[in-house]
Amino acid sequence: MDAADETAESAAIAAKKHIINRRLDILVKPNAAENKIVRWDESRKRLRVEISAAADKNKANKEILRFFSRLFKKRAEIIKGLHSREKTIGFF
């Protein structure tokens with residue numbers, strides 16, 4: 001297992017403890033250098049996530065779904081916040 005795999009695995013483990021009823025609340029920062037989970041934001045009760053795609057023509061939303069689907073190996077869907085930085089992701 002290389003360093004990237006270990007980082008992704010540890011991020012998945014950290015994020016899993018914040019999933020409630022198969023839902024995860026996130027705060028997205030688009031146009032980042034890479035896709036990654038930054039930290040848990042205690043004041044907003046959301047997981048801070050950086051996404052490399054731009055928030056233009058739904059590109060960031062598609063990248064968010066791709067990122068979380070690969071991370072948890074489950075289908076992800078944006079339940080709330082399609083046009084907002086604050087989103088709720090559902091896993092099925």
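Where a number appears in this text, it was derived from the coordinates with a stated rule and is not lab data. Small disclaimer: the values here were computed from a predicted structure and weren't measured. In this analysis, Cβ positions are derived from the backbone assuming ideal geometry, glycine residues included, and neighbour counts consider all displayed protein chains.
Take segment 40-61 and flag every residue that is more than 11 Å from the chain's Cα centre (by Cα) and basic (Lys, Arg). Step through it out loud before you land on a result.
Residues of segment 40-61 more than 11 Å from the chain's Cα centre (by Cα): 40-45, 52-59.
Result: 44, 45, 57, 59.
Only one of the numbered conditions (1) surrounded by 15 or more Cβ atoms within 10 Å (Cβ to Cβ); (2) in contact (Cβ under 8 Å) with a residue 12 or more places away in the chain; (3) of a type in the set (Gly, Ala, Ser); (4) touching a strand residue (DSSP E or B) at 6+ places or on another chain (Cβ under 7 Å) is violated by residue 69, and that is (2).
Answer yes if at least one residue in segment 15-24 is within 14 Å of the chain's Cα centre (by Cα) and more than 19 Å from residue 91 (Cα to Cα), and no otherwise. Walk me through it before giving the result.
Narrowing segment 15-24 to residues within 14 Å of the chain's Cα centre (by Cα): 15-19, 22-24.
Right, trim to more than 19 Å from residue 91 (Cα to Cα) and you get none.
Scanning segment 15-24, I find no residue that is within 14 Å of the chain's Cα centre (by Cα) and more than 19 Å from residue 91 (Cα to Cα), so the answer is no.
Counting the residues of segment 72-92 that are free of Cβ contacts under 8 Å to residues at least 40 places away in the same chain and in contact with a strand residue (DSSP E or B) (Cβ under 6 Å, 6 or more places away or on another chain) gives 6.
Return the only residue of 21, 61 being among the polar types (S, T, N, Q) and touching a residue at least 12 places away in the same chain (Cβ under 8 Å).
Working: 21 fails: touching a residue at least 12 places away in the same chain (Cβ under 8 Å).
From the options 21, 61, the qualifying one is 61.
Among the conditions (1) out of contact with any Lys or Arg (no Cβ under 6 Å at 6 or more places or on another chain); (2) crowded, with 16+ Cβ neighbours inside 10 Å, the only one that residue 13 does not satisfy is (2). If you go through segment 19-57 and keep only what is loosely packed, with under 15 Cβ neighbours inside 10 Å and under 16 Å from residue 82 (Cβ atoms), you end up with 23, 54, 56, 57.
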